[in-house]
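Below you'll find the structure, written out as structure tokens, and then a few comments.
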Amino acid sequence: MSRPRGVVITVIVALLALAWVFPLAWALVNSFRDYGYTQTNGYLSSGGWTLDNYRQAWAQGDFGLHFKNSMLITIPAVLLTLWLASMVAFVLARFSYRFNLTLLGVFLAANLLPPQALLIPVFRMFREIPLPMFMSDSGSMLNSFWSLILVNTAFQLGFCTFVLSNYMKTLPHEIYESAELDGASVWRQYWQLTMPLVRPALAALATLQFTWVYNEFFWATVLLQQGDKFPMTSALNNLRGQFFTDNNLVAAGSVIVALPVLVVFFALQKQFVSGLTLGSTKG
């Protein structure tokens, strides 16, 4: 790449990075500022620093309850999705038969449909599926965490299957031939041989899935009917006033909501990057 072209690309990338980071940095800075001070002196002023926005947001938004609800939805959904996707991907990558690609296409079809198109069928179906009262207050799938777990698993299963199957196809077939010679069963090849080798891909998908399921808002508003069961993303609505909205308070609440995703990303950052760059240096 010539030097002038490199300079132009660097400037463009820097501008795009600034445009991406600026709203986040702006929200972070204003989350530490008093609303009355910014209304009087303007948001371009300096001063009015306070931690009261975080204390008020946590109490008013009831983030403790909603964080627990999000974890009860997100963690089982992510684990169930990765477990089912890994088993299907193992079959697609390890065995060849007539309907191999057809099966993969069926799993990917769920990602091609917008969730809004399935709103009424899913709502009616979950309303008719009975559940014991200890699993659902309504006696059905509606207003239960199970509904959100199953919906998120169904919509994310195709993407995870596609990624994991392509990852597993890069594994040398010789290790499976050696395992078969040693008498390893199909289950043992999956659990003790394949799963440890695809750990980077699982970590990358776990990070993405945690972010998507944790931030999911549409199905929560459709399938849940009680405010004490809503996830973290719905808690931000509690910070809106009847006549005006304290933007600094909402910014503090947004930072609180984003913290779990950042923790998961930095905890799995090394595996996430290695999972995304797999095969990038192969010819």
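Looking across the range 176-193, the residues that are surrounded by 13 or more Cβ atoms within 10 Å (Cβ to Cβ), farther than 17 Å from S96 by Cα and not basic (K, R) come down to A179, A184, W191, L193. The criterion of being in contact with a Phe, Trp or Tyr (Cβ under 7 Å, 6 or more places away or on another chain) and at pLDDT 90 or above holds for N248. Within the set L16, L24, the sole residue that is within 30 Å of L236 (Cα to Cα), surrounded by 10 or more Cβ atoms within 10 Å (Cβ to Cβ) and at pLDDT 90 or above turns out to be L16.
Can you pull out every residue in the range 213-262 that is hydroxyl-bearing (S, T, Y), in contact (Cβ under 8 Å) with a residue 12 or more places away in the chain, out of contact with any Asp or Glu (no Cβ under 8 Å at 6 or more places or on another chain) and under 28 Å from Y43 (Cα atoms)? Result: S234, S254. Residue under question is V7, and the condition is that it be within 17 Å of A258 (Cα to Cα), more than 25 Å from the chain's Cα centre (by Cα) and part of a helix (DSSP H, G or I); does it hold? No; evaluated as a whole, the condition is false for this residue. Within the range 129-138, identify whether any single residue is touching a residue at least 12 places away in the same chain (Cβ under 8 Å), assigned to a helix (DSSP H, G or I) and at negative phi, and answer yes or no. No, the range 129-138 contains no residue that is touching a residue at least 12 places away in the same chain (Cβ under 8 Å), assigned to a helix (DSSP H, G or I) and at negative phi.
Under the condition of being closer than 13 Å to A251 by Cβ and among the polar types (S, T, N, Q), which residue from the range 30-59 is nearest to the chain's Cα centre (by Cα)? So, considering only residues that are closer than 13 Å to A251 by Cβ and among the polar types (S, T, N, Q), the one nearest to the chain's Cα centre (by Cα) is S31. The residues on offer are V7, V11, V88, and the sole one that is surrounded by 14 or more Cβ atoms within 10 Å (Cβ to Cβ) and of a type in the set (A, V, I, L, M) is V88. For the subset of the range 64-114 comprising residues that are part of a helix (DSSP H, G or I) and of a type in the set (F, W, Y), which member is modelled with the lowest pLDDT? Only one residue fits best here, namely F107. In the range 147-155 there is no residue matching the filter, namely being part of a helix (DSSP H, G or I), surrounded by fewer than 20 Cβ atoms within 10 Å (Cβ to Cβ) and touching a Leu at 6+ places or on another chain (Cβ under 7 Å). Among the residues of the range 77-119, those that are more than 20 Å from the chain's Cα centre (by Cα), within 19 Å of V198 (Cβ to Cβ) and β-branched (V, I, T) comprise V88, V91.
Residues satisfying the criterion are absent from the range 239-246 (criterion: assigned to a helix (DSSP H, G or I) and surrounded by fewer than 17 Cβ atoms within 10 Å (Cβ to Cβ)).
If you take the residues of the range 27-60 that are farther than 16 Å from A258 by Cα and aromatic (F, W, Y), which of them is surrounded by the fewest Cβ atoms within 10 Å (Cβ to Cβ)? Among those residues, the one meeting the criterion is W49. On inspection, P200 does not qualify as closer than 30 Å to E174 by Cβ and at pLDDT 90 or above. Applying the set (1) touching a helix residue (DSSP H, G or I) at 6+ places or on another chain (Cβ under 9 Å); (2) surrounded by 13 or more Cβ atoms within 10 Å (Cβ to Cβ) to G139 leaves exactly one unmet item: (1). Residues in the range 213-238 that are of a type in the set (G, A, S) and surrounded by 18 or more Cβ atoms within 10 Å (Cβ to Cβ) were compared, and the one that is farthest from the chain's Cα centre (by Cα) is A235.
The values are calculated or read from the model by the stated rules, or taken from the named source; none is laboratory data. In this text, all values refer to a predicted model and were calculated from it rather than measured experimentally. FYI the Cβ positions are ideal-geometry reconstructions off the backbone, even for glycines, and counts take in every protein chain you see.
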